[in-house]
Each structure stands twice: as C-alpha cells, then as structure tokens.
Amino acid sequence: MHIDSLIKHWRRKNVPHLPGIDNEQLRRFERDFALVVPDEMRKLYETTDGTFVRGERGTDHKGFAFWHLSDVQPDSRYEWAFIFADFMEESWSYAIALLPGSNRTVGAVYLLGDISGEPLLVADSLGQFIEHYLRDDDRLNPRGARRHSDDSKKI
C-alpha cells in the first residue's frame, strides 16, 4: 500500500525512478551483510531501485533521493544503520535498522546527520517513513525529528 502510494506520488511529480530489482539481488544483499531484509524494504526494492536514473537529477522535487540497493551500506559509525535515502545531497541521511539491538527495532528508520551526532528515530517502520515523506512531515528534518523525539520522551 505505502509503496504503491510512493510510486503514484513520484509519477504525479515526474520524479524519475528505476524499475524494481529481482529477488537474487535482494538475496545477495542479505548474504553479503548476514541479515534478513524486512518485508517493507523487500517490497520497496522489488518495486523500484531508487530515484537515481542516469542522466536525471536523482532526487525528487524537494531534494530527497532514494538509493539503489547496490549503494545501501551500513553507516561507518552505526553498523546496524543502513543508509537508503538522503536529503539535499546528504545534508542528512535516512537509515533503516537492519541488525537487532537493545534500543532499536529492526525496520525502524533513523535520521543521521543531526548536530547532536546521534541517530534520531523518525519512523517505527519503512511504511511509516513513506507516510511521513508523502505528507511532507517535519519529523523528516533534524529540528522536527528532535521535537517529536522530545515529545515522545514526555509520555
């Protein structure tokens, strides 16, 4: 559902994007990193391999780029955080947690590049991240992510 809405959004906004990849490429990614790709991420890459199309700008109309699976890598500081998207040529990045840990859920999405130096939780899942993206939710920028993070700590 979320992925279909994302593709429709890109088509309406004339955002160039690639067709999906095959299961073998996903299995290779899983083998290379010794992990299991969450279902939502699998569906995303089966549907589209990102917004960078050779000869095109590689971003949407606001500066978001969704990376090719072959470019998705763990962040050098957080081995559990695999960067899959960025904003304005990596002014900040978005990483999905693909390795389990005590303070994070596999599949949750974090903003990397905040002035605090710490990853900021922006979505509990890739589907929720896409919802935020489609609504232009402010939690996808550092200031909004910090504010929403602070609000959740008050509960």
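The table for this structure:
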read-out: In the chain, lysine pairs closer than 27 Å at Cα, eight or more apart or cross-chain; value: 5
read-out: Trypsin sites (Lys or Arg not before Pro) restricted to region 73-155 and DSSP loop, no more than 11 other C-beta within 10 Å; value: 77
read-out: Near-label residues of region 87-102 by backbone N, under 13 Å of a point 7 Å along Cα→Cβ of residue 34; value: 99-100
read-out: Theoretical ellipticity at 222 nm over the chain - DSSP helices of four or more residues, -39500 (n - 2.57) apiece, nearest 500; value: -10500 deg cm²/dmol
read-out: Magnitude of the charge dipole, region 2-149, Cβ model with Lys/Arg +1 and Asp/Glu -1, debye to 20; value: 340 debye
read-out: Cβ-defined net charge surrounding residue 77, 13 Å radius [Lys, Arg +1; Asp, Glu -1]; value: -4
read-out: Measure of compaction for the chain (Cα Rg per 2.2 N^0.38 Å); value: 0.99
read-out: Neighbourhood charge, 12 Å Cβ-Cβ cut-off, centred on residue 3 and excluding it, Lys, Arg +1 and Asp, Glu -1; value: -2
read-out: Full-extension gain in nm, residue 5 to residue 77, via 0.36 nm per residue minus C-alpha separation; value: 22.7 nm
read-out: Segment residue 136-residue 53, extension gain: residue separation times 0.36 nm, minus the distance between their alpha carbons; value: 27.6 nm
read-out: Gaussian network model of the chain, Cα within-10 Å springs - most flexible of 97, 108, 34; value: 34
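Just so you know, all these numbers are worked out from the coordinates, no wet-lab data involved. Keep in mind it's a predicted model, so treat the numbers as computed, not measured. Cβ: placed from backbone, ideal geometry, glycine included. Neighbour counts: every protein chain shown.
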